[in-house]
Amino acid sequence: MTASTPPTASATVSRAPGSPGSPHSPASRADRIGDAALDLLVERGMRGLTHRAVDERAGLPQGSTSNHARTRQALLETAVRRQVQLEARVLAPDELPGARTGPTTDGEGEATADAGAEVATDAGAEATTDSEAKATAGADAEAPADQADPRLRAAALADALSLALHRYLTDHRALLVSRYELALEATRRPELRTFFDAAGSAFRDPLVAMTAAAGSPEPERHALSLVAWCEGLMFSCAAGSFHAAVPSRAELRTGFEELLRGMLGSR
């Protein structure tokens, strides 16, 4: 891991410029309530999440949060729903290979190409340049989707996942803290557990599909292994023993490549 000192989790969940809840665009009342709820979870934990506190944090008239979410369960569901919306902007499922047809640029201006983009053809190889990535993507695009080389799909998947995970770890640490607060509360509330799991399917299902496209004979199990590796790394960097050192994107890509190579073997 790179011995760097990343930004610490602040009391405010970071939001993408121009997105609802950011300083650059108006937010709906539901988004303001959700944003305030997540901020309170980061700053005060679950005990600090009350309807009155949300009203105060969101700058809303007293009783606004109660009108929107009358019960604590409803308030927690609002927080989970907003958490998923914000995570979708960070993890960007549409950046997974096969989810789009052209290059996409993330918030820092880094281009990410489609299937086969920025792939490394050998274990431990450095990421290709943008021009090489585009050439590879173009070559792969000539073949029908169901005949694309699984090795290119696996390399593109590793590249997309490393981009998303690095973005999360470096720029959205507070969002991780609110995520863990909600996940722990879900273990004590079966009704929230059901809602929390259903919301998470927006990320799991595409990953299973992409793992299958990369040649996995057991995509459900292999996707679970990828998720578990990500979860462990995120916790270690947000609250565990590696909280002061975030791996570089190249290190994350290598880790994903090693995982996929172990799962897929010579496929």
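The values are calculated or read from the model by the stated rules, or taken from the named source; none is laboratory data. These numbers come from a predicted model, not from an experiment. Using ideal geometry, Cβ is built from the backbone for each residue, glycine included, and neighbour counts are taken over all protein chains shown. For accessibility, only protein heavy atoms count, side chains too; no ligands or nucleic acids. Shrake-Rupley method; radii C 1.70, N 1.55, O 1.52, S 1.80 Å.
Counting the residues of region 229-254 that are closer than 21 Å to A155 by Cβ and open to solvent by 60 Å² or more (accessible area, probe 1.4 Å) gives 2. Within region 187-202, restricting attention to residues that are in contact (Cβ under 8 Å) with a residue 40 or more places away in the chain and not hydrophobic (A, V, I, L, M, F, W, C), which residue is nearest to R89 (Cα to Cα)? Per the stated criteria, the residue is G200.
For region 154-170, state whether one or more residues are open to solvent by 40 Å² or more (accessible area, probe 1.4 Å) and modelled with pLDDT under 90. Within region 154-170, none of the residues are open to solvent by 40 Å² or more (accessible area, probe 1.4 Å) and modelled with pLDDT under 90. For region 55-94, a residue qualifies if it is more than 20 Å from L184 (Cα to Cα), touching a residue at least 60 places away in the same chain (Cβ under 8 Å) and either part of a helix (DSSP H, G or I) or in contact with an Asp or Glu (Cβ under 7 Å, 6 or more places away or on another chain) (or both), and the qualifying residues are A88, R89, V90, L91, P93.
Filtered by the rule that a residue be open to solvent by less than 30 Å² (accessible area, probe 1.4 Å) and assigned to a helix (DSSP H, G or I), region 171-182 gives R173, A174, L175, L176, S178, L182.
The residue of region 66-108 that is modelled with the lowest pLDDT, among those that are open to solvent by 40 Å² or more (accessible area, probe 1.4 Å) and of a type in the set (K, R), is R89. At pLDDT below 95 and of a type outside the set (G, A, S): does that describe T112? Taking the combined requirement at face value, the residue satisfies it.
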